[in-house]
1. According to the square roots a ≥ b ≥ c of the eigenvalues of the Cα gyration tensor, what is the shape class of the stretch 79-174, taking rounded for a/c under 1.5, prolate for a/b larger than b/c otherwise, and oblate for the remainder?
2. Taking the highest mean first, how do the peptides 88-95, 136-143 order by number of other beta carbon atoms within 10 angstrom per residue?
3. With a ≥ b ≥ c the root eigenvalues of the C-alpha gyration tensor of the chain, is it rounded (a/c under 1.5), prolate (a/b larger than b/c) or oblate?
4. Determine, for 50, 102, the number of other Cβ atoms within 10 Å of each Cβ, and report the residues in order from fewest to most.
5. In percent, what relative contact order does the stretch 42-90 have, based on Cα pairs under 8 Å that are 6 or more apart in sequence?
6. So for the chain, averaging the separation of alpha carbon pairs under 8 Å that are six or more residues apart and normalising by length, what relative contact order in percent results?
7. Kindly state, to the nearest 0.05, the FRET efficiency for residue 131 paired with residue 55, given R0 = 25 Å and r defined as their beta-carbon distance.
8. Modelled label-to-label distance, residue 84 and residue 147, 7 Å Cα→beta-carbon offset: nm?
């Protein structure tokens, strides 16, 4: 379990647990899902929760907890995928609206990158934020992801969106 302190804000990322289902429902709010195809149904959320719990050796999802309050404020994770014929990790994150703009997502993504790099499994981790999501694209810039290109990305399944493809080198981290 990693802990990172930034000025007076302290966050912790911890492995996704059964009790994090409530957090997943809170993340599913329309304002949180506007760049991801809109809110999911209850069944879709329950299936997502099961996938998060069952990632195993293919990656890891975490809840983001604000300390010392121990309040769950978001999620972050990485998972194995194939991009352009190469095995890589993909990363994604969500922070509840009242906690956005405080650097929490940036700190959480940094911790998730450290966890992915420690596995020493893949050279790269990619992020695919919507081109219309300035906050997520800013996080990629802050963390020194390399902008590769704009691309069409299928999310949710069956729906394509215009994204920026950001890549972070897990082997030669700064």
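1. In terms of gyration-tensor shape, oblate.
2. 88-95, 136-143
3. On the way: a/c = 1.29, a/b = 1.08, b/c = 1.20.
Here the chain falls in the rounded category.
4. Listing 50, 102 from fewest to most nearby Cβ atoms yields 50, 102.
5. 25 percent
6. Relative contact order, the chain: 19 percent.
7. On the way: r = 27 Å, r/R0 = 1.09.
Once the sixth-power term is evaluated, E becomes 0.35.
8. The answer from the label model is 1.6 nm.
Every read-out reported here was derived from the displayed coordinates using simple, explicitly stated rules and does not represent laboratory data. Quick caveat: nothing in here was measured; it's all calculated off a predicted structure. All Cβ positions, glycine included, derive from the backbone under ideal geometry; neighbour counts span all protein chains shown.
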